[in-house]
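S.K.: Input: one structure, supplied below.
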């Protein structure tokens with residue numbers, strides 16, 4: 001554990017949160033424009049997935065603001081829920097598979113879908129960064145990055161379960177036996193190859209995005225703490 005723990009300035013966290021709210025509003029606005037033009041509810045799933053992406057963000061904020069003397073059971077319950085819902089943030093990037101030319105300019109659908117995907121990615125990055133920072137300031141930068149890497153790896157596999165096997169986060173509680181059965185089926189060679197290829201590829205994609213976001217955040221941290229001892 002580090003001898004001196006620092007916190008993220010509240011005004012910076014609020015500013016970042018407000019930009020995510022603004023970005024989400026832009027996404028929803030584009031979707032409403034599409035509905036108004038076509039009169040069809042096509043792509044409405046993007047809205048639902050964006051709402052799901054906000055769940056780990058809100059859970060991370062709850063953990064981050066939890067007093068150090070707070071109830072430990074509440075901390076672990078919230079952390080487990082965060083782990084279960086975290087894959088929903090990056091999941092939106094896979095919604096590009098639904099792109100189709102229907103009712104409006106194709107470029108509009110592409111931009112709208114990518115806007116939702118970007119919103120989900122950055123919600124996921126901030127959510128993870130808050131907990132990454134939480135771990136790093138208590139146990140050091142190595143364990144901080146280990147936590148972040150493991151989260152992204154588990155999230156990538158979770159996205160495979162959601163996109164390919166069509167499982168949802170709440171199925172862990174609603175249908176645990178069926179979920180375990182499907183997960184065990186991945187042991188079969190042809191299933192295992194696809195699951196591994198998808199999970200590894202998505203892991204490096206999400207790691208690249210997250211690393212860039214962290215590097216941007218560290219520019220500000222470096223300015224505030226010039227003697228950071230080389231931690232990342």
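Condition check ((1) over 22 Å from residue 98 (Cβ atoms); (2) surrounded by fewer than 14 Cβ atoms within 10 Å (Cβ to Cβ); (3) at pLDDT below 90; (4) over 13 Å from the mean Cα position of the chain (by Cα)) across all residues:
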position	(1), (2), (3), (4)
118	no, no, no, no
162	no, no, yes, yes
179	yes, no, yes, yes
198	no, no, no, yes
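S.K.: Quick check on my filter: what residues within segment 134-143 are in a helix (DSSP H, G or I) and touching a residue at least 24 places away in the same chain (Cβ under 8 Å)?
M.R.: Within segment 134-143, 134, 136, 137, 138, 139, 141 meet the criteria.
So that you can scan it fast, the table gives a plain yes or no per residue for (1) surrounded by 12 or more Cβ atoms within 10 Å (Cβ to Cβ); (2) farther than 19 Å from residue 147 by Cα; (3) modelled with pLDDT under 90:
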position: 9; (1), (2), (3): yes, yes, yes
position: 12; (1), (2), (3): yes, yes, yes
position: 22; (1), (2), (3): no, yes, no
position: 45; (1), (2), (3): yes, yes, yes
position: 71; (1), (2), (3): no, yes, yes
position: 74; (1), (2), (3): yes, yes, yes
position: 103; (1), (2), (3): yes, yes, yes
position: 107; (1), (2), (3): no, yes, yes
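S.K.: Regarding residue 83, is this residue surrounded by 15 or more Cβ atoms within 10 Å (Cβ to Cβ), in contact with a helix residue (DSSP H, G or I) (Cβ under 8 Å, 6 or more places away or on another chain) and closer than 19 Å to residue 132 by Cα?
M.R.: yes
S.K.: Follow-up question, since we're still on this one. Report yes if residue 128 is at pLDDT 95 or above, closer than 23 Å to residue 47 by Cα and surrounded by 14 or more Cβ atoms within 10 Å (Cβ to Cβ), otherwise no.
M.R.: Yes; evaluated as a whole, the condition is true for this residue.
S.K.: For segment 93-115, give me each residue that is touching a residue at least 12 places away in the same chain (Cβ under 8 Å), in a helix (DSSP H, G or I) and closer than 19 Å to residue 26 by Cβ.
M.R.: Scanning segment 93-115 gives 93, 95, 96, 108, 109, 111, 112, 113, 114, 115.
S.K.: Another one. Taking the conditions exactly as written (under 29 Å from residue 130 (Cα atoms), in a helix (DSSP H, G or I), under 16 Å from the mean Cα position of the chain (by Cα) and at pLDDT 70 or above), does residue 206 satisfy them or not?
M.R.: When the stated conditions are applied, residue 206 passes them.
S.K.: While we're here: In the set 146, 152, 99, which member is surrounded by fewer than 22 Cβ atoms within 10 Å (Cβ to Cβ), more than 22 Å from residue 18 (Cβ to Cβ) and at pLDDT 90 or above?
M.R.: 146
S.K.: Look at residue 88 and say whether it is modelled with pLDDT under 95 and in a loop (DSSP other than H, G, I, E, B).
M.R.: Criteria not met by residue 88.
S.K.: Something else: Out of all the residues in segment 22-43, which are assigned to a loop (DSSP other than H, G, I, E, B), touching a residue at least 60 places away in the same chain (Cβ under 8 Å) and touching a helix residue (DSSP H, G or I) at 6+ places or on another chain (Cβ under 7 Å)?
M.R.: Selection gives 43 alone.
The values are calculated or read from the model by the stated rules, or taken from the named source; none is laboratory data. Model, not experiment: these values are computed from the prediction. Note that we place each Cβ from the backbone using ideal geometry, even for glycine, and neighbour counts take in every protein chain shown.
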